[in-house]
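Data block below; observations after.
The values are calculated or read from the model by the stated rules, or taken from the named source; none is laboratory data. On a predicted model such as this, the values are computed, not experimentally measured, just so you know. We place every Cβ from the backbone using ideal geometry, glycine too, and count neighbours over all the protein chains shown. Just so you know, the surface numbers come from the protein's heavy atoms only, side chains and all, with ligands and any DNA or RNA stripped out. Shrake-Rupley method; radii C 1.70, N 1.55, O 1.52, S 1.80 Å.
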Amino acid sequence: MSITKSLPIPVQRVSETRLPEVDWDDLEFGKYFTDHMLICDYADGDWSDAQIIPFGDLRLSPVALALHYGQTIFEGMKAFGMEDGAVNIFRPYKHHERLSLSAERLCMPVVPQEIFIEGLRRLVELDKAWVPAAAGSALYIRPFMIATEARLRVKVSGAYRFVIVATPVGSYFQQPVRVKVERDFVRAARGGTGYAKCGGNYGASMYPTQRAREEGYDQVLWTDGKEHRFIEESGAMNVFFVVDGVLITPPLSDSILDGVTRDSLLKLAVRDGIPVAERPVDVEELKAAFAGGRISEAFGSGTAAVISPIGVIGIDDKDYVLPAAEEPGVGSRLKAALENIRYGKANDTEDWNFLVK
Ligand SMILES: Cc1ncc(COP(=O)(O)O)c(C=O)c1O
């Protein structure tokens with residue numbers, strides 16, 4: 001897949017690259033940023049021309065509306081260095097779709113698709129040397145939009161800035177995580193902003209997550225806001241269970257983020273003949289599956305880790321332990337299938353790779 005329409009995006013190059021500052025053996029997530037960033041402003045009902053400039057601080061009024069009333073949205077996506085030396089941005093159109101949904105929910109303007117796609121392509125092409133080469137590593141890309149109008153009244157901003165920055169990240173091996181089924185706090189209620197990738201969702205989840213950490217868990221497993229009965233998602237990940245050999249994940253709703261990894265894993269599972277069910281997962285059902293020895297795997301899915309195995313689920317003060325895998329399970333098979341497509345080791349059967357020429 002590649003773009004047909006090309007926008008002229010003026011580029012102001014750095015005089016000297018910061019590449020030598022990077023410790024490629026220790027790519028702490030989000031520590032190093034590539035030489036350039038894309039910016040594009042919106043005012044008076046129109047987007048101005050996008051431009052690529054050296055990575056640097058933003059100038060904002062202290063009363064920019066984003067700083068007070070939360071009109072901030074973002075995406076998290078990756079570009080991969082492929083086996084043949086090409087670079088591939090994974091599913092950028094799907095990420096644009098989600099950013100547009102987030103924008104609509106937060107009363108923010110939609111970033112035109114051609115600015116989003118061509119901006120990503122130009123930025124990644126320009127900073128190609130920042131795409132790490134080591135197996136499992138990638139360039140993490142963060143497009144985001146903030147309300148910039150200077151006004152201290154609660155109102156829909158009339159001005160916005162769209163920005164894309166990128167950071168090289170290492171391969172992500174994770175020990176199985178301990179998650180706590182959250183029965184008191186709520187991440188997202190029906191009718192709320194759970195399906196949007198907006199800053200407020202993350203700010204509001206910090207306190208419950210902090211509490212869970214103090215209790216010895218890594219993450220919260222959110223339940224529905226009404227009854228605290230059905231599993232929704234976990235931290236910055238969607239969640240899957242394998243019960244009786246069926247890959248089960250809660251269905252999308254307005255309180256769950258439509259994860260691009262979730263969608264990709266489901267499509268690969270169907271392609272590879274793994275039985276799949278998108279249906280509500282009752283906490284009681286999970287307990288019964290543990291009691292009957294019918295649950296074999298649980299994992300989170302997200303852009304950062306692809307899949308993150310869950311080792312322990314805490315439900316109402318009792319820890320339920322997942323069995324140790326004897327052979328590669330459904331999660332690791334799907335992870336390998338996805339990674340093989342992204343790194344160009346297998347055919348891109350679903351047309352997901354956007355190649356940067
Ligand atoms: C709340 C939440 N759920 C799920 C996900 C997984 O989404 P994706 O697979 O698109 O990274 C993320 C990460 O972006 C997230 O922040």
* Asked: Among the residues of segment 269-281, is there at least one that is within 13 Å of the ligand (Cβ to nearest atom), part of a helix (DSSP H, G or I) and open to solvent by 30 Å² or more (accessible area, probe 1.4 Å)?
  -> no
* Asked: Does any residue in segment 284-296 that is touching a residue at least 24 places away in the same chain (Cβ under 8 Å) come within less than 7 Å, Cβ to Cβ, of a residue that is of a type in the set (Asp, Glu) and open to solvent by 50 Å² or more (accessible area, probe 1.4 Å) six or more places away or on a different chain, and which pairs are these?
  -> Arg294/Asp244
* Structure fact -> If we keep only residues of segment 225-263 that are of a type in the set (Asp, Glu) and within 20 Å of Val312 (Cα to Cα), then the residue surrounded by the fewest Cβ atoms within 10 Å (Cβ to Cβ) is Asp244
* If Met206 satisfies every condition in (1) open to solvent by 60 Å² or more (accessible area, probe 1.4 Å); (2) more than 16 Å from the ligand (Cβ to nearest atom); (3) within 20 Å of the chain's Cα centre (by Cα) but one, which is the exception? -> (2)
* Structure fact -> Checked segment 166-195 for anything within 16 Å of the ligand (Cβ to nearest atom), in contact with a strand residue (DSSP E or B) (Cβ under 6 Å, 6 or more places away or on another chain) and within 29 Å of Phe55 (Cβ to Cβ); matches are Ala166, Thr167, Val169, Gln174
* Conditions (1) among the basic types (Lys, Arg); (2) over 14 Å from Ala166 (Cα atoms); (3) open to solvent by 30 Å² or more (accessible area, probe 1.4 Å): number failed by Arg18 -> (2)
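Here's the yes/no breakdown for (1) within 21 Å of Ile73 (Cα to Cα); (2) outside any loop (DSSP other than H, G, I, E, B):
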{"site": "Arg153", "(1), (2)": "yes, no"}
{"site": "Gly158", "(1), (2)": "yes, no"}
{"site": "Ile164", "(1), (2)": "yes, yes"}
{"site": "Arg183", "(1), (2)": "no, no"}
{"site": "Arg187", "(1), (2)": "yes, no"}
{"site": "Gly191", "(1), (2)": "yes, no"}
{"site": "Gly203", "(1), (2)": "yes, yes"}
{"site": "Arg213", "(1), (2)": "no, yes"}
{"site": "Lys226", "(1), (2)": "no, no"}
* Asked: Any idea which of (1) at pLDDT below 95; (2) away from the ligand (no atom under 14 Å from the Cβ) is the one Ala305 doesn't satisfy?
  -> (2)
* Please state which one of Gly136, Gly85, Gly199 is within 30 Å of Asp23 (Cα to Cα), without any contact (Cβ under 8 Å) to a residue 24 or more places away in the chain and open to solvent by 20 Å² or more (accessible area, probe 1.4 Å). => Gly85
* Asked: Does Val306 qualify as being on the phi > 0 side of the Ramachandran plot and touching a helix residue (DSSP H, G or I) at 6+ places or on another chain (Cβ under 6 Å)?
  -> yes
* strands (runs of 3 or more DSSP E) fully within segment 1-106 counting 3 or more residues that are under 26 Å from Val154 (Cα atoms) and not aliphatic (A, V, I, L, M) -> 36-43
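Here is a yes/no grid of residues against (1) more than 16 Å from the ligand (Cβ to nearest atom); (2) touching a residue at least 40 places away in the same chain (Cβ under 8 Å); (3) within 27 Å of Met237 (Cα to Cα):
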| residue | (1), (2), (3) |
| --- | --- |
| Gly30 | no, yes, yes |
| Asp35 | yes, yes, no |
| Asp44 | yes, yes, no |
| Lys78 | no, yes, yes |
| Glu104 | yes, no, yes |
| Trp130 | yes, yes, yes |
* Asked: Going by the structure shown, is Pro109 at pLDDT 95 or above, open to solvent by 10 Å² or more (accessible area, probe 1.4 Å) and closer than 17 Å to Arg142 by Cβ?
  -> no
* Asked: Taking strands (runs of 3 or more DSSP E) that do not extend beyond segment 289-357, which have at least 3 residues that are under 21 Å from the mean Cα position of the chain (by Cα) and buried (at least 22 other Cβ atoms within 10 Å of the Cβ)?
  -> 295-302, 306-315
